[in-house]
1. Leaving out ligands, DNA and RNA, what percent of the accessible area of segment A:417-489 is carbon and sulfur, probe 1.4 Å?
2. Cβ neighbours within 10 Å, averaged per peptide: list A:332-340, A:359-367, A:202-210 in order, most packed at the top.
3. Might you tell me the accessible area per residue for segment A:395-454, computed with a 1.4 Å probe and given in Å²?
4. Label-point separation (nm) for A:Thr10 and A:His28, each offset 7 Å from Cα along Cα-to-Cβ?
5. For A:Lys382 and A:Asn63 in the same chain, what is the full-extension length gain: residue separation times 0.36 nm, less their Cα-Cα distance, in nm?
6. Calculate, in nm to one decimal, what A:Glu263 and A:Asp287 gain on full extension: separation in residues at 0.36 nm each, minus their alpha carbon distance.
7. Based on DSSP H runs of at least 4 residues, each adding -39500 (n - 2.57), what is the mean residue ellipticity at 222 nm of chain A after dividing by all its residues, to the nearest 500 deg cm²/dmol?
8. Say each of A:Ala338 and A:Ser213 gets a label point 7 Å from the Cα, pointing the same way as Cα to Cβ; how far apart are those two points in nm?
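The values are calculated or read from the model by the stated rules, or taken from the named source; none is laboratory data. Every value quoted in this text rests on a predicted model; they were computed, and no experiment measured them. Positions of Cβ are generated from backbone atoms using ideal geometry, with glycine treated the same way; all protein chains shown enter the neighbour counts. For accessibility, only protein heavy atoms count, side chains too; no ligands or nucleic acids. Shrake-Rupley method; radii C 1.70, N 1.55, O 1.52, S 1.80 Å.
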Amino acid sequence: MADAITSRETDYSQWYQDVIRHAKLAEHSPVRGCMIIRPNGYAIWENMQAALDKMFKDTGHQNAYFPIFIPQSFLAREAAHVDGFAKECAVVTHSRLIVDDEKGLIVDPDSRLEENLIVRPTSETIVWDTYSRWIQSWRDLPILINSWNNVVRWEMRTRLFLRTMEFLWQEGHTAHATREEAMEETLQMLDIYATFAEEFMAVPVIKGVKTASERFAGAVETYCIEAMMQDGKSLQAGTSHFLGQNFAKAFNCQFQNKNNEQEYVWATSWGVSTRLIGALIMVHSDDQGLVLPPRLAPTQVVLVPIYRNDEDRDRVLTEARQIVGDLLEAGIRAHLDAREAYRPGWKFNEYEVQGVPIRLALGPRDLKNGTIELARRDTREKEGVPRDGLTKRIESVLFDIQQSLFEKACAFRDSKTTSVDSYDDFKTVLEENGGFVLAHWDGTEETEAQIKKETKATIRCIPLDPIDADDSGVDIISGAPSAGRVYFARSY
RNA sequence: CGGGGUGUAGCGCAGCCCGGUUAGCGCAUCUGCUUUGGGAGCAGAGGGUCGCAGGUUCGAAUCCUGCCACCCCGACCA
């Protein structure tokens, strides 16, 4: 490779972009802030979708599709929602172009729409307009719907996968008869996200609730999972919102309960996006390129054949096809790279950069010895293993890689988590180690804002799981009583 | 949107300050031969609106003006 991957130490941000480019995950589009997701990147997304979709279905959700265009008037219905999204909406005002003799192709002034259309930044408004027509009785509830789609938020500053103007995601929208049931749903989906992050992505996450200032526009409570990146910054990896009756009221969505009374419907919404791919990259990858956890890797095992002459070639390829066939049979995503145009060494590097968990190399020497070379991407170790029982061995190594990536990420996260009891320590830790800083907070927006202004760290969440046996303490700034420590961090 | 940086072949860059023939280099690409257990060697070949638009000049990649894009740092966010 002419251009190497910048090391994480040299320039983390550049490293991130280099990994994406070298692994052929995505590239910038001609339109600022948008992204072309290449096959390697999209395949990861498809694996994420498959796993999540199954989890959604297993908990009774169905997929549906709502349109990309939302009448401008809809957005205005819920006050907090407008505040949150108004300043980042793409607005469609005209419906056609015409060729002008002087100016060329121009917007046809005669095609002005009667009402502007908003390209959805999220679908709450169109969904709740719809639900208001679907729901009359308690018998119509709950409604448990998820939607896989794309949304647009006109961002000032973008980064591939982490923040783009258009992104792919899923948004769940549920309607319930009671507050309790909606809250239960909110937390259930948060758990699903946490499970997905830890078991599929091998990314440990903190489950928590957002403070008012970080809350979703229109939510009563926003729950989140937060993950620690290798540069010590936190990333919000998923959110689940308890919307209360805010949208039901805005869209007049009521149902008749068992007592023959009209009542507003209780709501939730929850989502994860292609941002997860950014998290995946930033948690596991190294200076050699992408590192993928086996459960999400589009290719789990690649076999590179090695030979000198036609005779060796035939023998090696015959054996290689047998091996890959066995692996596929066992449900392992295996690939035989028999391309003649590239040499083995070149392929080794290619798959390393692309993060394939296991690479096998098979040559004449192995045929003679009944062995095969197995190299694992995460540790970059390679060893000769017996041909006999290879499939079982690979299953076990894949399992081990998945496990070991998670443990490594946990250990890193722990090394980047520090409890402090004074503002001085807070600032020192943030500067010297970064990561999560656990500190007592008095629950006021004033101290939160002051810390953000002075240190750029925000409250990532108030953890759901208790941190200390003894939760009492005092705010590091005001000295006022605190109910427990919260997670502070600089974040993406 | 403010501050800083960059834009020259697919990628990475030199040339620009100090204007002057056919705009170079590495990698990649194509052809041929030899090769193949960690990014092969040799020989030959192709590929350029020098980000865009104006201007200055006999002459602009180079100087001037405006614009655009990307990256980094801030303000806003999944």
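1. Carbon-and-sulfur percentage of accessible area, whole number: 49.
2. Peptide ranking by packing, descending: A:202-210, A:359-367, A:332-340.
3. With the other protein chains kept in place, segment A:395-454 gives 53 Å² per residue.
4. For the pair A:Thr10/A:His28, the computed spacing is 1.9 nm.
5. Value of the extension gain: 110.5 nm.
6. Taking A:Glu263 through A:Asp287 to full extension adds about 3.0 nm, to one decimal.
7. It comes out at -10500 deg cm²/dmol, rounded to the nearest 500.
8. So the two model labels end up 6.2 nm from each other.
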